[in-house]
Amino acid sequence: MKFGVIQFPGSNCDQDAYYAIRDVLQQPVDYIWHQESNLAGYDCVILPGGFSYGDYLRTGAIARFSPVMGAVQEFADRGGLVIGICNGFQILCEAHLLPGALLANNTLRFRCKYLHVRVENDTSSFTHLCYRGQVLRIPIAHHSGCYYCEPDVLKELEEQDRILLRYCDRDGNVTEQSNPNGSVSNIAGILNEQGNVAGMMPHPERAVEDLLGSEDGVLIFRSIVERLS
């Protein structure tokens with residue numbers, strides 16, 4: 001089993017993801033430079049948070065054309081597990097590996113804080129060690145985290161159980177007040193149709209030890225490890 005963490009110019013959560021995999025989960029992991037075009041030998045690829053290419057033009061819009069993204073598409077088509085976190089989620093939407101788009105927060109402000117998300121799908125490769133309705137305490141750090149999709153797409157996500165996480169309060173109530181960015185239906189994370197590509201705005205890699213304020217994020221990565229074992 002081997003993980004890869006993609007590094008784009010402007011990535012700033014790549015080391016956090018690398019640490020979570022290598023030091024906390026004690027699994028093999030490599031950095032993958034954005035100019036790579038071959039992902040052979042990897043079982044799971046992580047697109048980390050940050051500001052790829054300075055987020056010029058639009059978040060994730062330039063990274064979408066990196067050579068590595070062609071390899072990510074092929075990797076996903078073969079059934080490989082892909083998880084995009086924050087900017088990685090934005091890139092996956094820009095590359096059409098996930099539906100919808102990430103817009104500017106409805107507050108038009110950068111939001112950086114710990115909050116709560118509710119697990120909506122407990123059978124996916126990314127959340128099967130959680131239980132449906134479980135509340136996780138995980139931080140966010142974004143300016144463009146407002147998830148949007150057309151009503152017909154939202155209906156598909158709901159009917160196909162492809163909503164992974166929703167913003168909620170500490171008791172698991174999904175409310176307007178618990179939505180930090182205006183995301184449609186309080187969506188914080190989703191899956192593709194095949195279930196092997198996930199995107200989420202919260203940062204599980206920043207919540208892997210009590211010293212960091214929470215270790216709830218470990219459940220996301222351990223779910224991946226156990227599914228691949």
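Structure notes:
- So His143, is it within 25 Å of Tyr56 (Cα to Cα) and without any contact (Cβ under 8 Å) to a residue 24 or more places away in the chain: no
- Among the residues making up region 1-44, those that are surrounded by fewer than 24 Cβ atoms within 10 Å (Cβ to Cβ) and β-branched (Val, Ile, Thr) are Val24, Val29, Ile32.
- Candidates are the residues of region 66-76 that are within 16 Å of Gly199 (Cα to Cα) and of a type outside the set (S, T, N, Q); the one that is surrounded by the fewest Cβ atoms within 10 Å (Cβ to Cβ) is Ala76.
- Subset tally (residues that are assigned to a loop (DSSP other than H, G, I, E, B) and crowded, with 16+ Cβ neighbours inside 10 Å) for region 54-65: 4
Quick note: the coordinates plus some simple rules give every number you see, no bench work behind them. Given the structure is predicted, the values throughout are model-derived calculations rather than measurements. Don't worry about glycine lacking a Cβ; one is built from the backbone with ideal geometry, like all the others, and counts go over all protein chains shown.
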